[in-house]
Amino acid sequence: MVAAKQVLGPDDVRRAVTRMAHEIIERNRGVDGVVLVGIQHGGVWLAASLAEEIARIDTPVPVGSLDASLYRDDIGLRPVAPGAVSDLSFDVDGVTAVLVDDVLFTGRTVRAALDALADYGRPRAVQLAVLVDRGHRELPIRPDFVGKNLPTSTGEDVSATAEGVVIS
Amino acid sequence: MSARSLLTIDDLGSSGIMRVLDLADHMAEVNRRPNPKVPALRGKTVCNVFFEDSTRTRLSFETAAKRLSADTMTFAASQSSINKGESLRDTIETIAAMGVDAFVVRHKSSGAPQLIAGWTQASVINAGDGWHAHPTQALLDAYTVRTALSRTGGFDGLRMAIVGDVKHSRVARSTVQAFRMLGAHVTVVAPRTLLPPDVGDRFADAVTDRLDDLIGDVDVLYLLRMQHERMHEALVPSLREYTTRFGLTPRRAAMLGPQTLVMHPGPMNRGVEIAVDPAELPGAVITQQVTNGIAVRMAVLFDLLGSGGPIAPTTDAATDVTTEGPTE
Amino acid sequence: MSLLITGGRIIDRDGERIGDVRVVDAHVAEVGPALEPGDDDRVIDAAGLVVSPGFVDLHVHLREPGREEAETIETGSRAAALGGYTAVVAMPNTDPTQDSVEVVDFVRRQGERAGLCEVLPSGSITVGRAGETLTPFAELAGAGVTLFTDDGNGVQDPLLMRRALEYADGLGITLAQHCEVERLTAGAVMHEGDCCSRLGLPGWPAIAEELMLHRDIELVRLTGVPMHFLHLSTARSVELVRRAKADGLSITAEATPHHFSLTDERLASYDAIYKVNPPLRTAHDIAAIRAGLADGTIDAIATDHAPHVAEAKEQPLDQAPPGMLGLETALGVSLAHLDMPLAEVIAAMSWKPASIAGVADRHGRPIAVGEPANLAVFDPDVEWEVIPARLASKSRNTPYVGVALRGRVVHTIFNGHAVVVDGIAGR
């Protein structure tokens, strides 16, 4: 086992979230019609943090959570442990949905989340916000908002919480 | 290696029941959407083999499989080669050779799904066999109580009475077992003629023939279907007498606690085991049982066919797993 | 032709000794220590083995005529010979039923043609075993039938049973009852008890056997005509027979190896291999059957050998026919499961059933000069397991796969012929 290495501390995370919140507002010229959708499990806390920041800077936006486990492309290949039940209590037709996840890796979870989101309606646009982009994409998926680009090797494990980002 | 099957509640145990009920929450959320369908079981084939008519159960399983995007086939014995003398084993092996991931089996003979599980590599889901077991009914019953009473932690302290023809009831066998596994206290209410021989501690927590003594104290009143032919077997003198002793009459409905759930596996014999309009009972969850049946059967199908683990990956698939790496 | 069986433990009704046995033609010609082999003697080394009278099975289903796909008289005879049997009583539930001289003659002749053991056709008590009219007892007795039974079914009608006993009086025949009150067993597939409650299977209550047994014991008391009771399976049945014998009634009874070795828990597999009639019972019943054999309440071990094709048994329990093989495993199961002196096990398999079957003049005889040479030579200690594919029976429905058995027949001598040598059936 590789020893755990902290690459971002709690303050770094807070600053990254604040910056991403500003970027989301800027990119969309305000937050009219913007909703945040945290991907189960890891994106949910981040979506909540981003929503808090956006509300502080501009106006509150709707936040939901999405469980994409029934849309994964590796069903049957390994145990699936769904997170909490999806909670999208708003209409996604015509909105700008910002999918939020903690770590972007192969892109397969985001692909599943895109499919899942489409079953709730037809957003005007979908954007992607991640705290960490660790590379090694296996699908043509690119984040719109990134907290930190973090070169890793495929065998490493990256965890990203409000307490910081750790590689192990 | 043979795939995992759901033949009885024993195959799950209490932790397995909780796992399926948690999954059922996800499935119920899918079912609430305008487009209630997910791609989870794309490419999987589920074959309903019904050697005994049961349109309700068959439709429920078929809907469940379709909402998970599985392909479905239906084999009904009435239209089949069984009448031409083909054996059960031949039938199963022939269908299995077409490439089936799961058989959903209904059979009038106790134990038939267990035999079938021994003849095929596919998963086998028992959709009711003889007097023996009906595990998905037990799961949907548990799910219905859990959602109606918001009891996600288990059924400790829950008092349930199950009333009627327990002897001939696969529903009773599975539902009593599941509720007891989750911690409920289950009393079986029936005359001796409708009880299994040697009914004892292994079967239920208590046995009585006096419904009035406990009806005011139960959290769940579960009524079983009373079949008309039982009269001819001298099991009860008449349906009228059965209703008098064991039916949910207006008098008894008035004795129910305000929170008491009233359940029935369907189809109901109105005027026999239930002599009031269930729509007028505040605690009746009989319709919810049917609705929940789909989510629970989706959960069972996904648990067996989609959750990985027990299904041995092919060499190619194993490579995919390695390149995919840990979850993002 | 002659055989010399050397160095065996000779056990018969007269006791036990070590010695050689010379068989010439169909009879025992000489018994004694260290006999000199003659020029023509085929020598069979029985050192370490038991030499006993050949076994007699009161209860086998040979399926011919009518169900030759499951067994024929020839394959059944071969299985019998391999089990050490020199005589078997063929149950009458054939198609057509053994209720006429033509059919019983056919069965006997097929047995003679096979030449591996004596096949004794039983006759049915009622025509077609339908429980309505008596078969011609005297005609059938004239054709050599000594045992009458409707086995597979009990005679339900008490009046008919009383008449059957009264009419049988003086004919030198024995009526044998399959005790089952059918109104109490409709649809039943296994023992009624805790196990069937959990498995959701219709139960076959002990009382269904005991009621008819009790009725018939009282009919024997009333009429004074002897009766034999087939395959006792419950503790209470053993007790009923014990008391009736204590009262001096002339009744006999048998039990099967499966009823003293396997419990109803086996049915949890839902495997129809374990479906049998009467059903496998509880450990308590097994203990009672063993005790009944040990104290002589139960006279004989009989197999109820009931072959069925694989397809018939690969069905749900309620659809599969009852019955299991027994001839080739009876000795091995008996010696593995009974805590009785060896001589008493042999008695229950040989001279006691020979007497019930009315063949005590030629089977179960003492091993002495001039006696018919019907002998079993077996290793009482060898442990072995059944390999279904190697069974001589045409069917494979043995419940003993993977079960350790003790004691196995090595040679069988029938009518002076070595029909089984080194565990291989000849002819």
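Below, the figures for the structure above:
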quantity	calculated
Options C:Pro322, C:Pro372; residue that is under 26 Å from B:Gly111 (Cβ atoms) and surrounded by fewer than 24 Cβ atoms within 10 Å (Cβ to Cβ)	C:Pro322
B:Ala254 being at pLDDT below 95, surrounded by fewer than 16 Cβ atoms within 10 Å (Cβ to Cβ) and aliphatic (A, V, I, L, M)	no
Hits in the stretch A:65-91 (condition: touching a residue at least 12 places away in the same chain (Cβ under 8 Å), surrounded by fewer than 21 Cβ atoms within 10 Å (Cβ to Cβ) and not in a loop (DSSP other than H, G, I, E, B))	A:Asp87
So C:Ile217, is it over 21 Å from the mean Cα position of the chain (by Cα), away from every other protein chain (no Cβ under 14 Å) and among the β-branched types (Val, Ile, Thr)	yes
Identity of the residue in the stretch B:51-72, more than 22 Å from B:Tyr143 (Cα to Cα) and modelled with pLDDT of 95 or more, that ends up surrounded by the most Cβ atoms within 10 Å (Cβ to Cβ)	B:Ala70
Selection within the stretch C:108-151 - within 21 Å of C:Leu230 (Cβ to Cβ) and small (Gly, Ala, Ser)	C:Gly111, C:Ser122, C:Gly123, C:Ser124, C:Gly128, C:Ala130, C:Gly131, C:Ala141, C:Gly144
Members of the stretch A:103-115 found to be facing chain B (nearest Cβ under 8 Å) and either surrounded by 23 or more Cβ atoms within 10 Å (Cβ to Cβ) or in contact (Cβ under 8 Å) with a residue 60 or more places away in the chain (or both), listed by number	A:Val103, A:Leu104, A:Phe105, A:Thr109, A:Val110
Qualifying residue in the stretch B:132-148 (condition: within 14 Å of chain C (Cβ to nearest Cβ), touching a helix residue (DSSP H, G or I) at 6+ places or on another chain (Cβ under 9 Å) and part of a loop (DSSP other than H, G, I, E, B))	yes
Per-region count, the stretch B:88-107, residues of a type in the set (D, E, K, R) and surrounded by fewer than 20 Cβ atoms within 10 Å (Cβ to Cβ)	3
Extreme residue, farthest from the other protein chains (Cβ to nearest Cβ), among residues of the stretch B:94-107 that are under 19 Å from the mean Cα position of the chain (by Cα) and without any contact (Cβ under 8 Å) to a residue 60 or more places away in the chain	B:Val104
Subset of the stretch B:155-176 (residues that are within 16 Å of B:Leu139 (Cα to Cα), more than 9 Å from chain C (Cβ to nearest Cβ) and not in a loop (DSSP other than H, G, I, E, B))	B:Met160, B:Ile162, B:Val171, B:Ala172, B:Ser174, B:Thr175, B:Val176
Residue in the stretch A:46-62 that is within 15 Å of the chain's Cα centre (by Cα), within 22 Å of B:Pro39 (Cα to Cα) and crowded, with 16+ Cβ neighbours inside 10 Å present	no
Test: residue in the stretch C:7-22 that is in contact (Cβ under 8 Å) with a residue 60 or more places away in the chain and in contact with a helix residue (DSSP H, G or I) (Cβ under 6 Å, 6 or more places away or on another chain)	yes
Single residue of the stretch B:108-122 satisfying the filter (surrounded by fewer than 24 Cβ atoms within 10 Å (Cβ to Cβ) and over 19 Å from C:Ala310 (Cα atoms)) that is farthest from the other protein chains (Cβ to nearest Cβ)	B:Gln121
Sole exception among (1) within 12 Å of another protein chain (Cβ to nearest Cβ); (2) touching a strand residue (DSSP E or B) at 6+ places or on another chain (Cβ under 9 Å); (3) of a type in the set (Ser, Thr, Tyr) for A:Ser153, by number	(2)
Unique match (being within 14 Å of another protein chain (Cβ to nearest Cβ), of a type in the set (Gly, Ala, Ser) and either in contact (Cβ under 8 Å) with a residue 60 or more places away in the chain or closer than 23 Å to A:Leu139 by Cα (or both)) among A:Gly94, A:Gly42	A:Gly42
Qualifying residue in the stretch C:408-421 (condition: within 21 Å of C:Thr72 (Cα to Cα), within 18 Å of the chain's Cα centre (by Cα), surrounded by 19 or more Cβ atoms within 10 Å (Cβ to Cβ) and of a type in the set (Phe, Trp, Tyr))	yes
Options C:Thr86, C:Thr97; residue that is at pLDDT 95 or above and out of contact with any Cys (no Cβ under 6 Å at 6 or more places or on another chain)	C:Thr97
Filtered residues of the stretch A:37-64 (kept if out of contact with any strand residue (DSSP E or B) (no Cβ under 8 Å at 6 or more places or on another chain) and assigned to a loop (DSSP other than H, G, I, E, B))	A:His41, A:Asp58, A:Thr59, A:Pro60
The stretch B:258-268, residues that are surrounded by 19 or more Cβ atoms within 10 Å (Cβ to Cβ) and either of a type in the set (D, E, K, R) or part of a loop (DSSP other than H, G, I, E, B) (or both)	B:Thr260, B:His264, B:Pro265
Scan of the stretch B:29-63 for residues that are of a type in the set (Ser, Thr, Tyr) and either within 12 Å of chain A (Cβ to nearest Cβ) or free of Cβ contacts under 8 Å to residues at least 60 places away in the same chain (or both), ordered by number	B:Thr45, B:Thr55
C:Leu249, sole failed condition from (1) surrounded by fewer than 22 Cβ atoms within 10 Å (Cβ to Cβ); (2) assigned to a strand (DSSP E or B)	(2)
Index of the failed condition, B:His26 passing every other in (1) outside any loop (DSSP other than H, G, I, E, B); (2) without any contact (Cβ under 8 Å) to a residue 24 or more places away in the chain	(2)
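A quick yes/no check of all residues on (1) in a helix (DSSP H, G or I); (2) within 14 Å of another protein chain (Cβ to nearest Cβ); (3) without any contact (Cβ under 8 Å) to a residue 40 or more places away in the chain:
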{"residue": "C:Ala288", "(1), (2), (3)": "yes, no, no"}
{"residue": "C:Thr303", "(1), (2), (3)": "no, no, no"}
{"residue": "C:Ala312", "(1), (2), (3)": "yes, yes, no"}
{"residue": "C:Pro316", "(1), (2), (3)": "no, yes, no"}
{"residue": "C:Pro322", "(1), (2), (3)": "no, no, no"}
{"residue": "C:Lys352", "(1), (2), (3)": "yes, no, no"}
{"residue": "C:Asp361", "(1), (2), (3)": "no, no, yes"}
{"residue": "C:Pro366", "(1), (2), (3)": "no, no, no"}
{"residue": "C:Val377", "(1), (2), (3)": "no, no, no"}
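The values are calculated or read from the model by the stated rules, or taken from the named source; none is laboratory data. None of these values were measured; they are calculated from a predicted model. With ideal geometry, Cβ positions are generated from the backbone for all residues, glycine too; neighbour counts draw on all protein chains shown.
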